[in-house]
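The values are calculated or read from the model by the stated rules, or taken from the named source; none is laboratory data. Keep in mind that this is a model prediction, so the values were computed, not measured. Cβ sites come from the backbone with ideal geometry, for glycine too, and all protein chains shown count toward neighbours. Note: accessible area is taken over every heavy atom of the protein model, side chains too, but ligands, DNA and RNA are not part of it. Shrake-Rupley method; radii C 1.70, N 1.55, O 1.52, S 1.80 Å.
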Amino acid sequence: MCTICGCESAQTHAPHVHDHPHGEGDHVHARVLQLEQDILAGNQHMADHVRAHLASQHTLALNLVSSPGSGKTTLLVETVTRLKAQQRPIAVIEGDQQTSFDAERIRATGVQAVQINTGKGCHLDARMVHDALHDLPALPHGVLMIENVGNLVCPAGFDLGEHAKVLVFSVTEGEDKPLKYPDMFQAAGLILLHKCDLLPHVRFDVDRALAFVRQVNPDAPVIQLSSITGEGFEGWMHWIDTQCAAA
Ligand SMILES: Nc1nc2c(ncn2[C@@H]2O[C@H](COP(=O)(O)OP(=O)(O)OP(=O)(O)O)[C@@H](O)[C@H]2O)c(=O)[nH]1
Ligand SMILES: [Mg+2]
């Protein structure tokens with residue numbers, strides 16, 4: 001169950017509580033709150049375990065989050081191809097509600113990928129990442145890329161044991177997304193302004209978008225890039241290098 005949007009569990013939705021006799025609503029609320037706290041505590045425990053395991057191997061884990069179709073898989077295909085050429089150990093965990101399309105796109109580059117299908121679920125959780133790691137080789141001094149389910153809300157609240165959330169924000173989404181979905185933008189350690197090759201063709205004011213980003217997250221670096229032209233990849237690969245050195 002998602003503790004943020006309540007998908008897969010209608011019991012978390014407040015309107016049901018109004019059907020109960022006086023006093024019982026409070027009791028239901030308390031139980032729901034307790035359940036949410038237990039789920040998040042369980043996830044945090046598992047995320048800490050994943051993080052410790054990855055740290056023992058000096059493996060950098062990045063959690064790519066975004067709205068659907070912002071270009072995460074295209075970006076990953078380009079990124080893992082470059083990391084592979086540097087002889088860096090690398091693997092990918094792909095999260096989608098359905099299909100193995102994205103894992104197949106990664107495997108076509110010769111890089112190992114595990115596909116997780118969340119069904120009705122709207123995000124990956126740490127248990128899913130933990131279990132997927134059993135199907136991947138160890139990546140000493142390497143990089144584990146995790147592509148989360150396309151969703152700008154719930155993945156913000158779930159630690160997967162990653163070193164950083166990387167938010168892919170494409171110029172086709174409109175400048176206002178940082179203010180509409182502040183939790184996700186606040187949670188990001190890096191923001192990639194993606195599909196910049198489209199800037200001459202779409203109505204998107206980069207300065208306005210960056211000002212909105214700064215309102216909710218003054219610290220995260222922002223890199224403008226395109227997976228089609230390769231613009232900005234130098235900065236992105238350099239950022240990964242510095243994170244690897246820290247890991
Ligand atoms: N112009 C342009 N198009 C891009 C770029 N990156 C990806 N696309 C296109 O954007 C669309 C979605 O790309 P995906 O990589 O599947 O996006 P995604 O975020 O992985 O999508 P989901 O996994 O479904 O959330 C495809 O048509 C890509 O060709 C880019 O840098 N520039
Ligand atoms: Mg994808």
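Quick rundown of the values:
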{"item": "Subset of segment 191-247 that is among the aromatic types (Phe, Trp, Tyr) and farther than 22 Å from Ala156 by Cβ - its residue that is most open to solvent (accessible area, probe 1.4 Å)", "result": "Phe204"}
{"item": "Helices (runs of 4 or more DSSP H) (entirely within segment 161-247) containing at least 3 residues that are touching a residue at least 24 places away in the same chain (Cβ under 8 Å) and touching a Ser or Thr at 6+ places or on another chain (Cβ under 9 Å)", "result": "233-246"}
{"item": "Single residue of segment 100-130 satisfying the filter (open to solvent by 60 Å² or more (accessible area, probe 1.4 Å) and more than 17 Å from the chain's Cα centre (by Cα)) that is farthest from Ala245 (Cα to Cα)", "result": "Lys120"}
{"item": "In segment 131-140, the residues that are surrounded by fewer than 14 Cβ atoms within 10 Å (Cβ to Cβ) and within 21 Å of Gln243 (Cβ to Cβ)", "result": "Pro137, Ala138, Pro140"}
{"item": "Selection status of Thr109, polar (S, T, N, Q), touching a residue at least 24 places away in the same chain (Cβ under 8 Å) and under 16 Å from Asn148 (Cβ atoms)", "result": "no"}
{"item": "Where a residue in segment 141-159 is under 22 Å from Leu179 (Cα atoms) and its partner, wherever it lies, is part of a strand (DSSP E or B) and polar (S, T, N, Q), with Cβ under 7 Å and at least six apart", "result": "Asn148/Asn63"}
{"item": "Criterion violated by Leu167 - all others in (1) within 16 Å of ligand 2 (Cβ to nearest atom); (2) over 13 Å from the mean Cα position of the chain (by Cα) satisfied", "result": "(2)"}
{"item": "Scope segment 58-87; condition open to solvent by less than 50 Å² (accessible area, probe 1.4 Å) and part of a loop (DSSP other than H, G, I, E, B); matching residues", "result": "Thr59, Ser66, Ser67, Ser70, Gly71"}
{"item": "Options Val143, Val171: the member that is surrounded by 21 or more Cβ atoms within 10 Å (Cβ to Cβ), closer than 30 Å to Ala85 by Cβ, touching a Phe, Trp or Tyr at 6+ places or on another chain (Cβ under 7 Å) and at pLDDT 95 or above", "result": "Val171"}
{"item": "Boolean, Val28 is open to solvent by 20 Å² or more (accessible area, probe 1.4 Å), over 23 Å from Gly230 (Cβ atoms) and either out of contact with any Cys (no Cβ under 7 Å at 6 or more places or on another chain) or assigned to a loop (DSSP other than H, G, I, E, B) (or both)", "result": "yes"}
{"item": "Failed item, numbered, when Gly119 is tested on (1) in contact with an Asp or Glu (Cβ under 9 Å, 6 or more places away or on another chain); (2) part of a helix (DSSP H, G or I); (3) within 16 Å of ligand 1 (Cβ to nearest atom)", "result": "(2)"}
{"item": "Residue ID - farthest from Ser66 (Cα to Cα), chosen from residues in segment 129-156 that are within 16 Å of ligand 2 (Cβ to nearest atom) and part of a helix (DSSP H, G or I)", "result": "Ala132"}
{"item": "Some residue of segment 156-166 being more than 23 Å from Thr3 (Cβ to Cβ), open to solvent by less than 10 Å² (accessible area, probe 1.4 Å) and aromatic (Phe, Trp, Tyr)", "result": "no"}
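Results for (1) closer than 22 Å to Arg51 by Cα; (2) in contact with a Leu (Cβ under 8 Å, 6 or more places away or on another chain), shown as yes or no for each residue.
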{"residue": "Leu199", "(1), (2)": "no, no"}
{"residue": "Arg208", "(1), (2)": "no, no"}
{"residue": "Gln215", "(1), (2)": "no, yes"}
{"residue": "Gln224", "(1), (2)": "no, yes"}
{"residue": "Phe233", "(1), (2)": "no, yes"}
{"residue": "Ala245", "(1), (2)": "yes, no"}
